[in-house]
Amino acid sequence: MIVAQDGTVTLKTWSSRDFDILERCNTPAEKQHIGGPETPEKLADRHRRYLESTAPGETRMFKISFDGAGAGSVGYWRKTWQDQPVYETGWAVVPELQGRGLAARGTGLLIGVLRGEARHRYLHAFPSPDNFASNAICRKLGFVLMGEHDFEYPPGKLMRSNDWRFDLQS
């Protein structure tokens, strides 16, 4: 089901047919900033979680489509950050379609959807400081850089991340 559209880019509810997007994004180059590729079992578990992420205002995952073809994923989920309830977002675009602004357009559509569903004021993104593309998306969409923090992700590995915040009420 189409949830939002911006010309040739659409957000669609994540479906059982979208597993190939996760597989195509699960390469060493694509996962270099977040601990490397996932095992087939972890990828299948991620897909299951995405299929279950259908609670407006809590957690939702979407397929980004470009000209009708699966191009990536974007979603939001509830998180407690610095003792406050917020949303976190993340995105991925398949390698062969990167560089076309699809992650930014998809995330922009997500912000529009979330504004209508939000129970919390802020949306955060936590890209690695050396993930230049994701940090550029945050700047382009009007997120405010709040600083750097250490996270354990994946479990057992310490990761440095930028904390970008978007005010859903602005």
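Observations on the structure shown:
- Each principal axis of region 6-81 carries a Cα extent, and these read 33, 32, 23 Å when sorted largest first.
- Max mean-square fluctuation residue, GNM over the chain, Cα-Cα springs under 10 Å, options THR39, THR13, THR59: THR39
- Lysine pairs in region 2-167 whose alpha-carbon atoms fall under 24 angstrom of each other, counting only those eight or more residues apart or on distinct chains, come to 17.
- Separation between Cα centres of region 104-170 and region 2-78, rounded to whole Å: 16
- Rounded to 5, percent antiparallel among DSSP beta bridges of the chain: 95
- Projected-area average for region 80-170 over all orientations - Cα convex hull basis, square nanometres: 6.4
- Counted charge near PRO127, where neighbours are those whose Cβ lies closer than 12 Å (Asp, Glu -1; Lys, Arg +1): -2
- Structure remark: mean-square fluctuation, Gaussian network model of the chain, C-alpha springs under 10 Å; the largest value among ALA136, ALA103, ALA71 belongs to ALA136.
- Across q = 0.12, 0.19 Å⁻¹, the chain modelled as identical point scatterers on its alpha-carbon atoms has Debye log10 I(q)/I(0) values of -0.50, -1.44, in the order of the q list.
- Here the label points at GLU23 and GLN84, each 7 Å from Cα along the C-beta direction, are separated by 4.2 nm in the simple model.
Values in this text are rule-based calculations from the coordinates and carry no lab data. Everything quoted here is computed from the prediction, not taken from an experiment. So basically every Cβ, Gly included, is an ideal-geometry build from the backbone, and we count neighbours across all protein chains shown.
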